[in-house]
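The values are calculated or read from the model by the stated rules, or taken from the named source; none is laboratory data. All of these numbers come straight from a predicted model, not from anything done at the bench. Cβ atoms come from the backbone with ideal geometry, glycine included; neighbour counts cover every protein chain shown. Areas reflect the complete protein model, heavy atoms only, side chains present, ligands, DNA and RNA absent. Shrake-Rupley method; radii C 1.70, N 1.55, O 1.52, S 1.80 Å.
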Amino acid sequence: METSRIPGFYNMTVDERLKLLKELQLCTDEDMESLKTSEPLTTETADNMIENVIGTFQLPLGLGLNFLINEKEYVIPMAIEEASVVASASHIAKIVREAGGFTTEATDRIMIGQIQVVACPDFHEAKETLLRAKESLIKAANDAYPSIVRRGGGAEDLDVRIINEKTGSKYSQMLVMHLYINTCDAMGANIINTMVESIAPIVEDLTKGKVYLRILSNYADKCLARAKCVIPPELLKTGEFSGEEVRDGVIHAFEFAASDPYRAVTHNKGIMNGIDPVVIATGNDWRAVEAGAHAYASRHGSYTSMTNWWIDKQGNLVGELELPMSIGIVGGATRVHPLAKFSLGILKVESAKELSQIIVAVGLAQNLGALKALATDGIQKGHMALHSRSVAIAAGATGEMIDIIANQLIEQKEIRVGKAKELVEQYTK
Ligand code: NDP
């Protein structure tokens, strides 16, 4: 059953959408209550999450539709304030499903804990000693967090590097130990930090140096997720543009980002437009994902496109995205924020690995949405029409006035707050 295709969803009222989700068994009465209440995350819960709480800050929560990933249907919650992102993701997902859907995969969820050691009398001797003690260090780390071992994870390996060996400064010379930890379905920050802190005294003893930092690395390059799509050109036809023209335009746009960091940053921001909303909606740490993703985009020495696009022998447009994905389906806010619980429920994900693959598929869809628009009508046409409602609200429109003013802005091809203020004044005279 095509459960992620919900024709007409866009034109329904919020109440109609919720009713339909319930009929489709994608949401329960409890979820509906959470979604409709003005304060899904109560101030009381928020006060237990961070410090100095004075309230909560809301974002629109929309649904990305039409996603078919590894032959499974997904309705994808996206929390974002920017117009046209959800529409664009759903539009591309519809095209990709016609082509068979996204295929995705993920590595094991190996995260990295770092221990910094300075002032070793002999850095090379220290490194060899740590490597010789590998098994006992891994055991000590696992003894500090036995529950993750019982879940099938835990510390699995370690590595040691000497940094700035040739420089004379006592501050810049250091030995860095990486502990590789399988965090199962958690992002794992607390698991990792507990482990590296607990073995730091042993590391200090073995190296005869002094340990300073003991913390996870957000450059999670051993916890990767990949998404791919292969699209025949005929599915890309848009208005006056043939499928081949759109495909070639996408390749030109990609090559620009691949070669120029000024373009790559904007190109990648568009990818994160798809990724962050899912990371946020599921209660995950989007700063961690952002930091890891941008670092990964520089892994070959200069900052470049996170995605790869090419034309295969059959003339299909092929796109691929691989990123570190330090997210979880347990821990952090994932089970604390009621809407994060709802989001994980509607996604029906069974593991962090599965969630990470969905997230990169949305990122890939979002990238194609932007490149396709840029290669055809330009980004403003679709975006400004969707943005017009926000402009009307910013100019003071309320209730039914919002749609009236938004439509006038579109008709007059002047989607800006100054114009909207004039129209609001005329309307209220
Ligand atoms: P938590 O410590 O909240 O939760 C992880 C715990 O969940 C595990 O230790 C485990 O405990 C339990 N658990 C239950 N089921 C599973 C399962 N299937 N797989 C794995 N664990 C399971 O969260 P994290 O350690 O993931 O930390 C994430 C939080 O840390 C985020 O909020 C992040 O913002 C924050 N953070 C991020 C940092 C960074 O990115 N640099 C730094 C510090 C914090 P048990 O086995 O005992 O039940």
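Under the convention that each Lys and Arg Cβ holds +1 and each Asp and Glu Cβ holds -1, the size of the dipole of segment 80-125 around its Cα centre is about 340 debye. The Cα trace of segment 85-173 gives Rg and Dmax of 22.1, 63 Å, the first to one decimal, the second as a whole number.
Beta bridges per DSSP, both residues in the chain: antiparallel share near 95 percent.
Quick check: the angle from helix 189-207's long axis to the longest principal axis of the chain, C-alpha only, nearest 10 degrees? Helix 189-207 and the main axis of the chain meet at about 20 degrees. Positive end of the dipole of the chain (Cβ unit charges, origin at the Cα centre): among Leu68, Thr43, Val362, the Cα lying farthest that way belongs to Val362.
Kirkwood analysis of segment 110-217, using all unique Cα-Cα pairs, places the hydrodynamic radius at 13.7 Å. With respect to the chain, whose longest principal axis is taken over its alpha-carbon atoms, helix 134-144 is tilted by about 60°. Between segment 1-74 and segment 178-249, what is the separation of their alpha carbon centroids in Å? Segment 1-74 and segment 178-249 have Cα centres spaced 27 Å from each other. Taking Cα atoms only, the orientation of helix 352-375 departs from the longest principal axis of the chain by about 50 degrees.
Find the Rg to Rh ratio for segment 382-428, where Rh is the Kirkwood radius over alpha-carbon pairs and Rg uses the same atoms.
Numbers: Rg = 8.9 Å, Rh = 9.8 Å.
Dividing the radius of gyration by the Kirkwood radius yields 0.90.
Projected onto their three principal axes, the Cα atoms of segment 306-429 cover extents of 57, 47, 19 Å, largest first.
Among Glu400, Glu197, Glu165, determine the one that fluctuates most according to a GNM of the chain built with springs between C-alpha atoms less than 10 Å apart. Looking only at Glu400, Glu197, Glu165, the biggest GNM fluctuation is shown by Glu400.
If R0 is taken as 35 Å, the Cβ-Cβ distance between Met1 and Arg151 corresponds to a FRET efficiency of 0.60. How large, in Å, is the chain by the Kirkwood hydrodynamic radius built from its alpha-carbon pairs? Answer for the chain: a Kirkwood hydrodynamic radius of 23.9 Å. Ranking Ser198, Ile415, Asn308 by how far each Cα lies toward the positive end of the dipole of the chain (charges on Cβ) leaves Ser198 at the top.
For the cross-link pairs Lys348/Lys381; Lys341/Lys381; Lys22/Lys222; Lys36/Lys429; Lys228/Lys348, the ones whose C-alpha atoms lie over 27 Å apart are Lys348/Lys381; Lys341/Lys381; Lys22/Lys222; Lys36/Lys429. The residues Glu98, Glu125, sorted by heavy-atom accessible surface at 1.4 Å with ligands and nucleic acids left out, run Glu98, Glu125 from largest to smallest. Listed by chain and number, the aspartates and glutamates whose alpha-carbon sits under 20 Å from that of Lys421, ignoring those within fewer than 8 places in the same chain, are Glu400, Asp403, Glu411. In this structure Arg389 has an accessible area near 120 Å², from a 1.4 Å probe over the protein heavy atoms.
Using θ = phi - 60° and the Karplus form 6.51 cos²θ - 1.76 cosθ + 1.60, what ³J(HN,Hα) does each residue of segment 215-229 get, whole Hz, x for Gly and Pro? Computed from phi, the couplings for segment 215-229 are 7, 5, 9, 7, 8, 7, 7, 10, 10, 9, 10, 10, 10, 9, 9 Hz. Express in whole angstrom the spacing between the alpha-carbon centres of segment 121-161 and segment 269-287. Answer, in whole Å: 32. Taking the Cα centre of segment 329-429 as reference, the dipole from Cβ charges on Lys and Arg (+1) and Asp and Glu (-1) amounts to some 240 debye. Share of carbon and sulfur in the accessible area of segment 382-428 stands at 51%, probe radius 1.4 Å. For the peptides 402-412, 309-319, 176-186, 332-342, residues were scored by their other Cβ atoms within 10 Å and the scores averaged per peptide; the highest-first order is 176-186, 332-342, 402-412, 309-319. Stokes-Einstein diffusion of segment 25-142 at 10 °C, 1.306 mPa s viscosity, Kirkwood radius from Cα pairs, rounded to a whole number: 79 µm²/s. Cross-link partners for Lys127 among the lysines, with Cα-Cα distance under 19 Å and sequence neighbours closer than 8 places in the same chain left out: Lys139, Lys166, Lys170, Lys208, Lys210.
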